[in-house]
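S.K.: Got a structure here, written out as structure tokens. Questions coming.
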Number of protein chains: 2
Amino acid sequence: MTQFINRKEDIVAEAVDGLIAASGGRLARLDGYPHIRVILRTDWDRTRVALVSGGGSGHEPAHAGFVGKGMLTAAVCGDVFASPSVDAVLAGILAVTGPAGCLLIVKNYTGDRLNFGLAAERARAFGLKVRMVVVDDDIALPDLPQARGVAGTLFVHKIAGALAESGADLDTVTAAADRVIAGTKSIGMSLDTCTVPGSPKEQRIQSGKAELGLGIHGEAGVEQVDYTDAQSAMRMVADRLAAHMAPGRPHVAILNNLGGTSVLEMQILAHELVRSPIGGRLKHLVGPASLMTSLEMRGFSVSVYPASAEDLVALAAPTPLAAWPGLSTLVPVGVVELPDGLRPIRPVPSDHPPTRAFLTRCCEVFLKAEADLNALDAKAGDGDTGSTLAGAARALIGAMDRLPLADHTQLYRAIGLELSQTMGGSSGVLLAIFFAATGDAASSGQSQREAFKAGLARMQEIGGARMGDRTMIDALLPALEKLPEGLPAAAKAAREGANRTAGMTRANAGRSSYINAEQLRGQVDPGAEAVARLFEHLSA
Amino acid sequence: MTQFINRKEDIVAEAVDGLIAASGGRLARLDGYPHIRVILRTDWDRTRVALVSGGGSGHEPAHAGFVGKGMLTAAVCGDVFASPSVDAVLAGILAVTGPAGCLLIVKNYTGDRLNFGLAAERARAFGLKVRMVVVDDDIALPDLPQARGVAGTLFVHKIAGALAESGADLDTVTAAADRVIAGTKSIGMSLDTCTVPGSPKEQRIQSGKAELGLGIHGEAGVEQVDYTDAQSAMRMVADRLAAHMAPGRPHVAILNNLGGTSVLEMQILAHELVRSPIGGRLKHLVGPASLMTSLEMRGFSVSVYPASAEDLVALAAPTPLAAWPGLSTLVPVGVVELPDGLRPIRPVPSDHPPTRAFLTRCCEVFLKAEADLNALDAKAGDGDTGSTLAGAARALIGAMDRLPLADHTQLYRAIGLELSQTMGGSSGVLLAIFFAATGDAASSGQSQREAFKAGLARMQEIGGARMGDRTMIDALLPALEKLPEGLPAAAKAAREGANRTAGMTRANAGRSSYINAEQLRGQVDPGAEAVARLFEHLSA
């Protein structure tokens, strides 16, 4: 599979420029391309503690997407999955650090520790106050003395960011970052590997398997597990986290999309997180969102942190960053009673022998035409127009005793209701709309013919069919136009209209629009034929 | 590939519950599971025009993710890629519509038009004022009389939403929606198909190909095109849009992730959009973001709309919805000059014959030990420790004339700087950090030994190595501890420490941590050996 990139060596610079272009002037970059890729806030005045983070690229929106008011001051971007150089980090530090000092927030990878660490030393030689914290929230490898830094880093960015923005000093911000790091635990699961640009995709995970405890640089998961469904996947992740969660204080969770998981699936995973074994211990949630991705990896991670009241204030503090999804309180799903009116109020039945006879005659037309119409439809559709109309006719005959036959306005609506509940498919819904809108128009005082025309107009508006589109409209509209001249004239117009459909080799609406021209040539549209037969029968 | 779902029939209900759980109480749902899945604002009082949208699921965050203050009032969710039922839509309308009426915003698909259309009729029978607009922004199929509704729908949601929130009446909101629909044009491109839950993935797009003008329900694109890179991909999309863009007024663009494209790639596509043939006609951008997805499709779409001044106000109006990325003004990428200080200030050279002699002696140790240390390292690493140290020694000897030999405090920093610029790999950076931090400590008045210990502590903090981790620390720390007793005592401690590393079969830091125990047994760590040889030589 290909990717939306250009030259491999330009990936990061182009992505940075795209981010800055879309920032509305909030962000700028240092003039250090190609090697120095540092993103800065444009509203920064060096009066507060600067927060600088970064590392390898491929984890977007981390870290550059979190540069802005209330979060990072600058981000230093390495190549995909590779640490930035000492010079790049130093440039970032020097560009934003004032008398209040600077805190470097680094994920625990050797390259990042070394390059950020040496840059800090060089910055200190200029007399700058520079501190560094190392995030190691990953619990996937319990025996590894150097746990990796993954999505829990976002807790550090946001909490330290809010404190720095509020004017806290370097000691306070550093202490908060250390406290957050000590309390944050994360683990992820993935159904597929990511595709490192320029490298073939590693087909490591078989269907029916998942990797638990993966890294965010394509490292294999700690174990391959059997994958069955979202619920058991989240349970595995929750069980691992549960063993590391401090008792007592409720936790905040980050539900992170590793990059290629659909938003639909992430919502299901949010549901599963809430009902997982640790769901009861979570009081707030950040996400689901793509925060610390691994390119387009189809996976997720969960990070948990036992936030204090002050931490919650910091996590909830406003920031203009679209990449930060905000902090939500987890509350039970609110369920609102269904509104009245879904069970439609049935009109009071009434009898009116002429109407009963008329309706019955109409229905009989469709019963008789069933086979013919099916045969016509078989040439242009799926051969069920006759059965559909006959079924509706049978239903109407069966419903005759509960119809308001003596009140024509109510009758239209009642017929529409019957049709909508008994006929399947588009044509059923369209006829129901036709009768409902006709009833609506009649109730507002329009003549029967005007009401029918209003119904037809609504049906066309909803269905999208116009004259010439090879539908029942081609017979029905001419018939209604001629109705003032009597039923025979209307019937003649309907028949002519129906016959014209045989010459229409291009259907623009309805099912026949998927059939090619040669198949349609010479065939009358079954819907138009039904209308013609109805009018012919009524005028006979 | 598997997906993060459970039973296919529960996908939408579980996703809705996940969304609501993560909404912090902003959202609720109607009590109509399993068939009626309607999401509502909990702060809704029916005093303003209600906006109801929806359709098939699989397009998350559309539409449920856009329910909230300033956007939709309710969303009605069908199964994946299938319209919701008339009853479900009617329930949504009835639940939120008050005297101000209701506008239905429907994407142009037959099923949605019919079900929303009939629900509107049934709602009108209750005397409710209900209007419906149909979004048809897709330009992929120029001859299709019924263009599809795709991501441009978001313009309608946001502009109509802001108007409704501000108290505009139904006529005004409907007219605005119609105006936005008339002006909005969209087209997408994809590198891979989406995976419909429960169906095998269609392998339709070969590597090196892309689909232009795809649908958001897995429909094939209008054409398969050759794919080369992000720039030409965006150019194709831009060229199609250009033909439909009204002259004059600048446009707003939506850059939409179809679900499975990495955030990194979306940023590159934002960069390409800005420099595409239509870039100059775009003044504002929404995204890049996942707005109207097609499950996890690896693709993007661009929608453009010539927004008026009032439209821009509506698009920029605040909303608490995390799924709405906000409106940004497209401005040229701001480039800030590199800070001073990247070219380090070199200390003034000075001579001091005893120091020169001492340093030269130290360097000679490493030159002599090159082959031995390489041989040791070949057993536990990649066999270059000797060459690395010898290279650094040669560089220091070569730099001797520009070092501040007479100022020991400056000398440490200068040595650190030389090492950081000449030694590759982790050990070079670590030694540079050691000397830089030592110089820092010395400059604050600490004794030489205390300064060395401070340097070592910083090196350990950054490198993560502790005593017993099979590194140079195992020799260096004991030597510094014994230094007050004289060089011979320090040399003895260094040798004992180095020899102890031969018994350490588990390396916890550095490169040897990737080597198994049996390979390490009996081998002295080359870094520790180098330290031991240095002290032995100095004390001899």
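The values are calculated or read from the model by the stated rules, or taken from the named source; none is laboratory data. Keep in mind that this is a model prediction, so the values were computed, not measured. FYI the Cβ positions are ideal-geometry reconstructions off the backbone, even for glycines, and counts take in every protein chain you see. The accessibility values were calculated without ligands, DNA or RNA, using every heavy atom of the protein model including side chains. Shrake-Rupley method; radii C 1.70, N 1.55, O 1.52, S 1.80 Å.
S.K.: Helix-only mean residue ellipticity at 222 nm, the protein assembly as shown, DSSP H runs n ≥ 4 weighted -39,500 (n - 2.57), per residue, nearest 500. What is it?
M.R.: -13500 deg cm²/dmol
S.K.: Mind grabbing the interface size between B and A? I mean buried accessible area, both sides, 1.4 Å probe, in Å² to the nearest hundred.
M.R.: When B and A are taken together, about 9700 Å² of accessible area is lost.
S.K.: Accessible area, 1.4 Å probe, largest first: how do A:His59, B:His284 sort?
M.R.: The ordering from most to least exposed comes out as B:His284, A:His59.
S.K.: With contacts defined as alpha carbon pairs under 8 Å and 6 or more residues apart, what's the relative contact order of chain B in percent?
M.R.: Result for chain B is 9 percent.
S.K.: Now for a separate question. Please compare each pair in B:Lys201/B:Lys283; A:Lys158/B:Lys158; A:Lys69/B:Lys283 to a cut-off of 31 Å on the Cα-Cα distance and tell me which ones are over it.
M.R.: B:Lys201/B:Lys283
S.K.: Turning to a different aspect of this structure: Place the label 7 angstrom along Cα→C-beta at B:His35 and in each other copy, then list the distances from the first to the rest in nm, shortest first.
M.R.: From this label point to the equivalent ones elsewhere in the assembly: 6.8 nm.
S.K.: If you don't mind, another one. Using the Cα centre as the reference, give the magnitude of the dipole from point charges on the C-beta atoms of the range A:310-424 (Lys, Arg: +1; Asp, Glu: -1; all else neutral), rounded to the nearest 20 debye.
M.R.: Using Cβ point charges on Lys, Arg, Asp and Glu, the range A:310-424 gives about 500 debye.
S.K.: Near the axis that takes chain A to chain B, which A residue has its beta carbon closest, and at how many Å?
M.R.: With distances in whole Å, chain A gives A:Gly260, 2.
S.K.: For the range A:222-227, just list the computed ³J(HN,Hα) in residue order, Karplus coefficients 6.51, -1.76 and 1.60, θ = phi - 60°, integers in Hz, with x standing in for Gly and Pro.
M.R.: Each residue's phi maps through the Karplus curve to give 4, 8, 8, 10, 6, 9 Hz.
S.K.: Using the 7 Å Cα-to-Cβ label point, sort the distances from A:Pro142 to its equivalents in the other copies shortest first and give them in nm to one decimal.
M.R.: Counterpart label points of A:Pro142 in the remaining copies fall at 6.4 nm.
S.K.: Which lysines, if any, have their Cα less than 16 Å from the Cα of B:Lys492, not counting same-chain residues under 8 positions apart?
M.R.: B:Lys482
S.K.: Another question, if that's okay. For the range B:1-135, what relative contact order do you get, as a whole percent, if you take Cα pairs closer than 8 Å and at least 6 residues apart?
M.R.: That works out to 22 percent.
S.K.: Could you give the C-alpha radius of gyration of the range B:1-135 expressed as a fraction of 2.2 N^0.38 Å, taking N as the number of residues it contains?
M.R.: Taking N as the residue count of the range B:1-135, the ratio is 0.98.
S.K.: Treating the beta-carbon of each Lys and Arg as +1 and of each Asp and Glu as -1, no other charges, what is the dipole magnitude of the range B:353-539 about its Cα centre, to the nearest 20 debye?
M.R.: 160
S.K.: Among B:Cys77, B:Gly54, B:Gly32, pick out the residue whose Cα is farthest towards the positive end of the charge dipole of the range B:1-135, where Lys and Arg carry +1 and Asp and Glu carry -1 on C-beta, about the Cα centre.
M.R.: B:Gly54
S.K.: Now a separate question. If you count the DSSP beta bridges with both ends in chain B, what percent of them are antiparallel, to the nearest 5?
M.R.: Roughly 55 percent of the beta bridges in chain B run antiparallel, per DSSP.
S.K.: Taking the full set of protein chains and a 1.4 angstrom probe, give the accessible area of B:Leu114 in square angstrom, rounded to the nearest 10.
M.R.: Its heavy atoms expose roughly 10 Å² to the probe.
S.K.: For every other residue with a beta carbon closer than 14 angstrom to the beta carbon of A:Glu272, add +1 if it is Lys or Arg and -1 if Asp or Glu, then tell me the sum.
M.R.: With Lys, Arg at +1 and Asp, Glu at -1, the net is -3.
S.K.: Return the residues of the range B:317-355 for which accessible area with all protein chains present is lower than in the chain on its own by 40 Å² or more; set the probe to 1.4 Å and exclude ligands, DNA and RNA.
M.R.: In the range B:317-355, residues shielded by partner chains: B:Ala322, B:Val331, B:Val333, B:Gly334, B:Val335, B:Val336, B:Leu338, B:Pro339, B:Gly341, B:Leu342.
S.K.: Quick one: putting +1 on the C-beta of Lys and Arg, -1 on the C-beta of Asp and Glu, what dipole do you get for the range B:1-135 around its Cα centre, in Debye to the nearest 20?
M.R.: 500
S.K.: Roughly to the nearest percent, how much of the accessible area of chain A is carbon and sulfur, given a 1.4 Å probe?
M.R.: 54
S.K.: Output the antiparallel fraction of DSSP beta bridges having both residues in the protein assembly as shown, as a percent to the nearest 5.
M.R.: Counting DSSP beta bridges with both partners in the protein assembly as shown, the antiparallel share is about 50 percent.
S.K.: Moving to a separate point now. Which residue, chosen from A:Gln410, A:Ala13, A:Val335, occupies the Cα position most advanced towards the positive end of the dipole of chain A, where the dipole is computed from +1 (Lys, Arg) and -1 (Asp, Glu) charges on Cβ about the Cα centre?
M.R.: The one lying farthest along the dipole's positive direction is A:Gln410.
S.K.: Quick check of the Kirkwood formula: for the protein assembly as shown, what is the inverse mean of 1/r over all pairs of different Cα atoms, in Å?
M.R.: Across the protein assembly as shown, the inverse of the average 1/r is 32.4 Å.
S.K.: Give the span of the range B:353-539's Cα atoms along each principal axis, as three whole-Å numbers ordered largest to smallest.
M.R.: If we take the Cα atoms of the range B:353-539, the spans are 48, 31, 29 Å.
S.K.: A further question on this structure: Give the nm distances, rounded to one decimal, from B:Asp382 to the matching residue in every other copy, measuring between label points 7 Å along Cα toward the beta carbon; shortest first.
M.R.: 6.2
S.K.: Quick one: divide the alpha-carbon radius of gyration of the range B:325-404 by 2.2 N^0.38 Å and tell me what you get.
M.R.: 1.93
S.K.: Name the longest site-free stretch of chain A, where the excluded sites are GluC sites (Glu not before Pro) in a DSSP loop with no more than 13 other beta-carbon atoms within 10 Å.
M.R.: A:338-540
S.K.: Using a 1.4 angstrom probe, figure out how much accessible area the protein assembly as shown has per residue, in square angstrom, rounded to the nearest whole.
M.R.: Here the residues of the protein assembly as shown average 36 Å² of exposed surface.
S.K.: Sticking with this one: Of B:Ala309, B:Ser23, B:Gly208, which is farthest towards the positive pole of the protein assembly as shown's charge dipole, taken about the Cα centre with +1 and -1 on the beta-carbons of Lys, Arg and Asp, Glu respectively?
M.R.: Value: B:Ala309.
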